[in-house]
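Encoded as structure tokens, the structure appears first; notes follow it.
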Amino acid sequence: MIQSIDYYAVAPLLILALTAGLVLLLDAFLPHRPYVRRALGGVTLAGVTGALAVVVSQAMRTGGPLKTFCVPDGLLGPSGGAGGGTALLTAPPVAGQVAAAPCSFVVDDFTLIFTGLALAAGIVVVLLSAAELASGDIPVGEWYFLLLCMLAGAVALPASRDLIMLLVALELVSLPVFALTALKRYDGRSSEAAVKLFLVSVVSTAVMLFGVSLLYGTTGTVYLDRIAQTLREGVPPSIAGLGPGQGVAGVHSSSLEISHDLPVVVTAAVVLVLAGFAFKIAAVPFHAWAGDVYQGAPIPVAALLSVISKAAGFAGLILILVIALGSQAATWVPLIAIIAALTMTVGNLLAMRQRHAVRLLAWSSVAQSGYILAPLGVRNDEAMSASIAYLVFYAAMNIGAFAVVMLVSRRSARNELDDYRGLVFQNPAAGLALAFFLICLAGLPPGLAGLFAKIVVFREIVDGGGGWLAVVMAVNTVIGLYYYVAWAVRIFTPAPVTTGGVTAMTAGAGGSRTGWVPAGVAIALAAIIAVAFSIAPQIVLDLLPAAFITPG
């Protein structure tokens, strides 16, 4: 064996994988009883919590980033060498300096932020899953196994530093969601949502693979930092200075030589990769699947699509744009600015027309993707920090809203906005929590978390010279106020007893206590985090450096 493995670096991934295997074994050999269902949920929750604890310990350690699955020193060519760094995103070596050994798995600040976000949201999704599985209509073991596999992919993706591992991790995030969506047997809407999600994901993967193949073909390497170096200098690092038959492990070593006469191929690769990720994050014009899939999927699946899957998509997009394609910013910056403007506008306009709670959150999530993308559409060194800050704020608010919708859906099958009339009078905790989450998403006091998130993004857009994009964002923020406030007003509006909505709902009536308690805990956790972010937004802002180190 020529590669050493840092098991501490991959510990969260291993914990999730081992927990998934344990859940599958327990489900196979234990009898199908209600206590087994609760036990499997407890094992899953313990595994996700343990992985998060390891991530916290990694964040508290001192020193540089953790690296593993690196090219061994004995296989490094003349341009290789030992090296390290403490940058948020590992930048490629500057010409004239000794190049660091390329690694496939890096745990740095960027990785820790996205991994912590995915696992914290995963805890809430596991609690919502316990509420969803209380009825016994869904196979429990398969559900938790697929959920843990999806979380493993979300943990691996931000640490990926080569194209192969990045694509494998992205598919590990995507593939289990198809099955999770379809596990609600004999539900035509869930089956339809699963088929639509499958077709969209297959198309997006094919488009992205085409773009990735072009990147590999033009640069001769799969490592993101070496791709950046090649695109900047024009000659693959493995070829420059080497004779026939020589090469570096992990890098194509044929007689291929790259010149600056291939801008069309590189531009096509950038556009295809960007289009593939646009499907994953439901950005316009690749957004049409969101409404039907969110509404047809079980609510915990809609929540993980809205937060965990979206965060993984943005992590992969930022990695490729910042590390690998930084020298091609002139191509992708204006494209992202246009996509961001279209995404926030179309998402808000579609959300205004919705009367179904989950569909409204689906199109709202599309609009929020536009806000997250917006800082990437300007030339500003701090743009990445603004996007990540907004994503963290958004995750806490949005998953909390889904948690309350999950609670209400157990009493109202329609789950329309009118079913939320008088919610604060029948269930004050749930009503106040949902109102607070909606106000946060709108960016109004006392929901200061959403306000700070929008201010951070708006400031970076203006500082980066994107005046027209800032105007579009300001207009869309006003549009978003309409449907968020309209929904919040319904919560405080008394409703007649005969409406059949949530007015008949009590804290535990008509359902299993097992279903209500986990959903209530999930709401409480999300509310605590959202309130903490509103009171002290520096909790998030201090995690991010003043600027990203951008290659090129």
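The values are calculated or read from the model by the stated rules, or taken from the named source; none is laboratory data. A quick note: this is a predicted structure, and the numbers were derived from the prediction, not measured. Cβ coordinates were reconstructed from backbone atoms using ideal geometry, including for glycine residues, and neighbour counts include every protein chain displayed. Side chains are part of the model used for accessible areas, which takes the heavy atoms of the whole protein and leaves out ligands, DNA and RNA. Shrake-Rupley method; radii C 1.70, N 1.55, O 1.52, S 1.80 Å.
Quick notes on this structure:
- Answer from T498, T493, T550 - the residue that is more than 30 Å from L224 (Cβ to Cβ), at pLDDT below 75 and either open to solvent by 20 Å² or more (accessible area, probe 1.4 Å) or of a type outside the set (S, T, Y) (or both): T498
- Residue within segment 252-267 that is of a type outside the set (D, E, K, R), surrounded by 24 or more Cβ atoms within 10 Å (Cβ to Cβ) and either farther than 21 Å from A341 by Cα or modelled with pLDDT of 50 or more (or both) present: no
- Segment 286-309: number of residues that are in contact with a helix residue (DSSP H, G or I) (Cβ under 7 Å, 6 or more places away or on another chain) and under 18 Å from L199 (Cα atoms): 15
- Considered as a group, the residues in segment 352-372 that are under 25 Å from P298 (Cβ atoms), in contact (Cβ under 8 Å) with a residue 12 or more places away in the chain and over 21 Å from the mean Cα position of the chain (by Cα) include one that is most open to solvent (accessible area, probe 1.4 Å), and that residue is R355.
- Scanning segment 268-290 for residues that are closer than 19 Å to T219 by Cβ and open to solvent by 30 Å² or more (accessible area, probe 1.4 Å) yields A268, V271, L272.
- The residues of segment 141-178 that are in contact (Cβ under 8 Å) with a residue 40 or more places away in the chain, over 26 Å from G217 (Cα atoms) and open to solvent by 20 Å² or more (accessible area, probe 1.4 Å), listed by number, are E142, F145, C149.
- In the set (1) within 15 Å of the chain's Cα centre (by Cα); (2) open to solvent by less than 10 Å² (accessible area, probe 1.4 Å); (3) within 20 Å of K280 (Cα to Cα), the condition left unmet by M397 is number (3).
- Hits in segment 18-32 - residues which are within 30 Å of the chain's Cα centre (by Cα) and surrounded by fewer than 20 Cβ atoms within 10 Å (Cβ to Cβ): L18, G21, L22, L24, L25, L26
- Applying a threshold of 6 Å to beta carbon distances and a minimum spacing of six or more residues, or different chains, the list of pairs starting in segment 402-428 at a residue that is within 18 Å of A362 (Cβ to Cβ) and ending at one that is of a type outside the set (S, T, Y) and part of a strand (DSSP E or B) reads E416/H356.
- Given (1) under 24 Å from V540 (Cβ atoms); (2) in contact with a Leu (Cβ under 8 Å, 6 or more places away or on another chain); (3) at pLDDT below 95, number of the condition T111 does not satisfy: (2)
- Within this structure, P237 passes the test of being modelled with pLDDT under 50, touching a helix residue (DSSP H, G or I) at 6+ places or on another chain (Cβ under 7 Å) and within 30 Å of A101 (Cβ to Cβ).
- One residue from T345, T331 being under 30 Å from G220 (Cα atoms) and open to solvent by 10 Å² or more (accessible area, probe 1.4 Å): T331
- Members of segment 108-120 that are open to solvent by less than 10 Å² (accessible area, probe 1.4 Å) and closer than 28 Å to Y144 by Cα: F110, T111, F114, T115, A118, L119
- E416 vs. criteria within 21 Å of A290 (Cβ to Cβ) and acidic (D, E): yes
- Single residue of R185, R232 found to be among the charged types (D, E, K, R), at pLDDT below 90, surrounded by fewer than 15 Cβ atoms within 10 Å (Cβ to Cβ) and out of contact with any strand residue (DSSP E or B) (no Cβ under 7 Å at 6 or more places or on another chain): R185
- Residues satisfying the stated conditions in segment 417-464, i.e. small (G, A, S), part of a helix (DSSP H, G or I) and open to solvent by less than 30 Å² (accessible area, probe 1.4 Å): A430, G431, A433, A435, A442, A449, G450, A453
- Conditions (1) touching a strand residue (DSSP E or B) at 6+ places or on another chain (Cβ under 7 Å); (2) among the β-branched types (V, I, T); (3) buried (at least 19 other Cβ atoms within 10 Å of the Cβ); number of the one not met by I15: (1)
- Here V462 meets the list (1) among the β-branched types (V, I, T); (2) over 30 Å from W332 (Cα atoms); (3) over 22 Å from the mean Cα position of the chain (by Cα) almost entirely, failing just condition (2).
- When residues of segment 33-71 are limited to those that are of a type in the set (A, V, I, L, M) and farther than 21 Å from A154 by Cβ, the one most open to solvent (accessible area, probe 1.4 Å): M60
- Within segment 402-411, one or more residues are outside any helix (DSSP H, G or I) and not aliphatic (A, V, I, L, M).
- Segment 188-217 - residue that is farther than 19 Å from L305 by Cα and modelled with pLDDT under 90 and, of those, surrounded by the fewest Cβ atoms within 10 Å (Cβ to Cβ): G188
- As a summary of the residue check, V307 satisfies the conditions (1) open to solvent by 10 Å² or more (accessible area, probe 1.4 Å); (2) over 17 Å from G211 (Cβ atoms); (3) of a type in the set (A, V, I, L, M, F, W, C) except for the one numbered (1).
- Of note, A337 does not satisfy the criterion of being buried (at least 24 other Cβ atoms within 10 Å of the Cβ), hydrophobic (A, V, I, L, M, F, W, C) and touching a helix residue (DSSP H, G or I) at 6+ places or on another chain (Cβ under 9 Å).
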